Amino acid sequence: MPTMFRDGLLKGKRILVSGGGTGLGREMAEDYLRLGAEVYICGRRKNVLDDTAKELMAKHGGSVKTHSVDIRVAAAVDDMISAIWADGGPLTGLVNNAAGNFISPTKDLTPKGFDAIAGIVFHGSFYMTHACGRRWIEDGVKGSVISILTTWVWNGGPFTVPSAMSKAGVNIMTKSLAAEWGPYGIRLNAIAPGPFPTKGAWERLSPGQSTDGDTSRDGIPMGRVGEMDELKNLATFLMSDGCDYLTGQCIAIDGAGFNASGGNFSRLSKLSEEEWDNMREMIRSANDKDKAQRSV
Ligand code: HXC
């Protein structure tokens, strides 16, 4: 795919990507670094973050710094943001990418399962945005926030209800704060990706299927999943100068999957209890592997 942006486009920008050690977050962080931004990534697994930072800097030079944090903890978020400000001045951009999700019949969720997802997506995205936004207002910085959502913020997410509810809340945060913080020049936008296969998401949303499995293409008029470069280009566009008047929007990038077939998991109503038991086991074992690596 051709490079859309000139070298140095993001020079002078300082951008934090939550969940930047893996998946979509890592991809966006790489593009920001490649185009000249100073990058910070945070997550719960310090070793994963440090490996990513090392690999990205070896490839592109520049600076990627890491913070291990659980964004469900407001005080930990504020401490991290304060440390970043102290490290080299205000951030100019924040990407709320970190998420938690797994498919499950809603009747089988426990309150703790709901809270695990809502804590990361709903509360965590707010804590991050609030910690940056209040400092931007105080410092007179025209910061920019991008939140990674999904198209089910518009039509609901059967079998992913905690995620759908939480991301719908973040969509409304985006619109509310675009209006409230517009007078300060602060922008908030969101991206609603269709399927862009990553290990973390696929282990929890399509367990047992490889990330290039065919089923994710069902119902997508373009007949394919997204390419990372396409997502990165949109995330870079939204973060760059030149679209200062663009705020409060959630942009789908999904090959028209949402328009054609809803883009959610309603097809899972065909699964038997036994199939759900198998799925649950696969998801739990992926969760346990990740958890063993956590440092916070
Ligand atoms: C039912 C489940 C479950 C499952 C976990 N739980 N897996 N319940 N079915 N398959 C329940 C547990 O039983 C427990 O409740 C509760 O959830 C908390 O589980 P923990 O593992 O202790 O939680 P925690 O360590 O906090 O982990 C949070 C997590 C985990 C959300 C459960 O998956 C995680 O950390 N995920 C981060 C990465 C991620 O999810 N990436 C995918 C994002 S994709 P009880 O009561 O039993 O103790 C995305 C949208 C993509 O966001 C859209 C694409 C179109």
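Rounded to the nearest 500, what is the 222 nm mean residue ellipticity of the chain from helices alone, with -39500 (n - 2.57) per DSSP H run of 4+ residues and division by all residues?
About -14000 deg cm²/dmol.
Which values of log₁₀ I(q)/I(0), to two decimal places, follow from the Debye formula for the stretch 138-190 at q = 0.16 Å⁻¹ with a uniform point scatterer at every Cα?
Each listed q corresponds, in turn, to -0.50.
For the pair ARG224 and ARG267, how long in nm is the line joining their label points, each one 7 Å along Cα→Cβ?
1.9
Tell me, what is the Rg over Rh of the stretch 42-138, with Rh the Kirkwood radius over Cα pairs?
My calculation of the ratio gives 1.04.
Can you pull the one-decimal nm distance between simple spin-label points at TYR245 and LYS199, each 7 Å off the Cα toward Cβ?
4.4
Using only the alpha carbon atoms of the stretch 105-145, find the Kirkwood hydrodynamic radius as the inverse mean reciprocal pair distance, in angstroms to one decimal.
Here the Kirkwood hydrodynamic radius works out to 12.0 Å.
What would the Debye equation give as log₁₀ I(q)/I(0) for the chain at q = 0.07, 0.13, 0.15 Å⁻¹, counting only Cα atoms as equal point scatterers?
-0.24, -0.89, -1.21
How big is the Kirkwood radius of the stretch 192-296, worked out from every pair of different alpha carbons and given in Å to one decimal?
Answer for the stretch 192-296: a Kirkwood hydrodynamic radius of 16.0 Å.
Using the Kirkwood formula over every pair of different C-alpha atoms, what hydrodynamic radius in Å results for the stretch 1-85?
When all Cα pairs of the stretch 1-85 are included, the Kirkwood radius is 13.0 Å.
Which value, in nm² and rounded to one decimal, describes the direction-averaged projected area of the C-alpha convex hull of the stretch 59-201?
Approximately 9.9 nm², given one-decimal rounding.
Over all Cα pairs of the stretch 120-211, how is the pair count split among 5 Å bins, expressed in % and running from 0 up to the last occupied bin?
3, 13, 21, 21, 16, 11, 8, 5, 2, 1
Would you mind counting up the charge near ASN97? Only other residues with Cβ under 11 Å from its Cβ, with Lys and Arg at +1 and Asp and Glu at -1.
0
Once each part is reduced to its C-alpha centroid, what is the distance from the stretch 232-296 to the stretch 25-72 in angstrom?
Using only Cα atoms, the two centres lie 20 Å from each other.
Using 0.36 nm per residue, how much length does the chain from LYS112 to ASP87 gain when fully extended, once their Cα-Cα distance is taken away?
So the chain would gain 5.4 nm between LYS112 and ASP87.
Give, in nm to one decimal, the length gained when the segment between LYS142 and THR211 is fully stretched (0.36 nm per residue of separation minus the Cα-Cα distance).
The span from LYS142 to THR211 would gain 21.1 nm if fully extended.
Would you order CYS42, CYS250, CYS132 from fewest to most other beta-carbon atoms within 10 Å of each residue's own beta-carbon?
Ranked by crowding around the Cβ, least crowded first: CYS250, CYS132, CYS42.
Testing the spin-label approximation: label points 7 Å from Cα along Cα→Cβ at ALA74 and LYS11. State their distance in nm.
4.1
Here, each number is a calculation from the coordinates, and none is a lab measurement. In this text the structure is predicted, and so the values were computed from the model without any measurement. Don't worry about glycine lacking a Cβ; one is built from the backbone with ideal geometry, like all the others, and counts go over all protein chains shown.
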